[in-house]
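Chemist: Handing you a structure now.
The values are calculated or read from the model by the stated rules, or taken from the named source; none is laboratory data. Note that the structure is a prediction, hence the values are computed from the model and not measured. Virtual Cβ from ideal backbone geometry, glycine too; neighbours counted across all protein chains shown. To get the accessible areas, we keep the full protein, side chains included, count just its heavy atoms, and leave off ligands, DNA and RNA. Shrake-Rupley method; radii C 1.70, N 1.55, O 1.52, S 1.80 Å.
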Amino acid sequence: MLERRAFVRELLADRGDLLVVSGLGSATYDAAAAGDHPLNFYLWGAMGGTLMIGLGLALARPDRRVAVITGDGDFLMGLGSLATIGVKQPKNLAVVVLDNAHYGETGMQASATQSGIDPVAAALACRFKEACHVGQIEDAAAVRLLVHSGEGPLLVHARIKSEDTPRVLPLRDGHAIKERFIAALKN
């Protein structure tokens, strides 16, 4: 299993102009720990909406790569989003699901992935171009290449350790995050 922070840091190394939408909680803490960036769009209260926000951004900016980084809880809550992404077929969208099989932000209750629900099978059933499982840090470089340049829509299901990592809190003001992101998009 992967150590989440090291895996996200590897995905976002030398990121260039990659647009990143991170789900609430640990995914946002991990993206911030990899380096706060004006092209990070942190979500603080949109449980289940991260994939749709990433889709909207990918459709609005087909000239830019969009990476959604979120946890299994957020992913499962927005499961219907996979069908819409499959219909729209954004070539520039990559979804990374950091799966510790728990709802980490609400007390570590088991998520449905712990009972065998498979994000890769769901994505493939929804016509994603590519979907894969990853569980070894040695695979991170190949996953990074896929996220940065693979034809989407694609999904990476990252099996991560269920551990409590220190929180790295980025900007929490939603309006300021939006304004900073919009300004960075203009560059």
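Chemist: Could you tell me whether any residue of segment 31-43 is of a type outside the set (F, W, Y), open to solvent by less than 20 Å² (accessible area, probe 1.4 Å), part of a loop (DSSP other than H, G, I, E, B) and out of contact with any Pro (no Cβ under 7 Å at 6 or more places or on another chain)?
Modeler: Scanning segment 31-43, I find at least one residue that is of a type outside the set (F, W, Y), open to solvent by less than 20 Å² (accessible area, probe 1.4 Å), part of a loop (DSSP other than H, G, I, E, B) and out of contact with any Pro (no Cβ under 7 Å at 6 or more places or on another chain), so the answer is yes.
Chemist: Scan N40, N92 and give me the residue that is polar (S, T, N, Q) and touching a Gly at 6+ places or on another chain (Cβ under 9 Å).
Modeler: N92
Chemist: I want to confirm something. Restricting to segment 125-149 and keeping residues that are touching a Gly at 6+ places or on another chain (Cβ under 7 Å) and in a loop (DSSP other than H, G, I, E, B), which single residue is surrounded by the fewest Cβ atoms within 10 Å (Cβ to Cβ)?
Modeler: Among those that are touching a Gly at 6+ places or on another chain (Cβ under 7 Å) and in a loop (DSSP other than H, G, I, E, B), it is R127.
Chemist: Looking at (1) within 13 Å of the chain's Cα centre (by Cα); (2) under 19 Å from S81 (Cα atoms), which one does L12 not meet, given that it meets all the others?
Modeler: Going through (1) within 13 Å of the chain's Cα centre (by Cα); (2) under 19 Å from S81 (Cα atoms) one by one, L12 breaks only (2).
Chemist: So in segment 162-187, with the set limited to residues that are loosely packed, with under 11 Cβ neighbours inside 10 Å and among the basic types (K, R), which one is nearest to I137 (Cα to Cα)?
Modeler: Checked segment 162-187; the qualifying residue nearest to I137 (Cα to Cα) is R172.
Chemist: Out of all the residues in segment 9-22, which are open to solvent by 10 Å² or more (accessible area, probe 1.4 Å) and not hydrophobic (A, V, I, L, M, F, W, C)?
Modeler: Passing the criteria: R9, E10, D14, R15, G16, D17.
Chemist: Filter segment 159-187 down to residues that are within 23 Å of S81 (Cα to Cα) and touching a helix residue (DSSP H, G or I) at 6+ places or on another chain (Cβ under 6 Å), then give me how many there are.
Modeler: Qualifying residue count for the region: 1.
Chemist: Could you check how many residues of segment 167-187 are in contact (Cβ under 8 Å) with a residue 40 or more places away in the chain and part of a loop (DSSP other than H, G, I, E, B)?
Modeler: 6
Chemist: For segment 159-187, what are the residues that are at pLDDT below 75 and more than 23 Å from S26 (Cβ to Cβ)?
Modeler: Scanning segment 159-187 gives a single hit, N187.
Chemist: Those residues that are surrounded by 24 or more Cβ atoms within 10 Å (Cβ to Cβ) and assigned to a helix (DSSP H, G or I), I need them from segment 83-102; list them, please.
Modeler: I85
Chemist: Between A6, A58, which is part of a helix (DSSP H, G or I), out of contact with any Cys (no Cβ under 8 Å at 6 or more places or on another chain), among the hydrophobic types (A, V, I, L, M, F, W, C) and open to solvent by less than 10 Å² (accessible area, probe 1.4 Å)?
Modeler: A58
Chemist: Still on this structure, please answer the following. Are there any pairs with C-beta distances below 9 angstrom linking a residue in segment 59-74 that is closer than 12 Å to V96 by Cβ to a residue that is among the polar types (S, T, N, Q) and open to solvent by 10 Å² or more (accessible area, probe 1.4 Å), with the two at least 6 apart or on different chains, and if so which?
Modeler: Close Cβ pairs (under 9 Å, with a partner that is among the polar types (S, T, N, Q) and open to solvent by 10 Å² or more (accessible area, probe 1.4 Å)) amount to V66/N92; G71/S26; G71/N100; D72/N100; D72/T113; D72/Q114.
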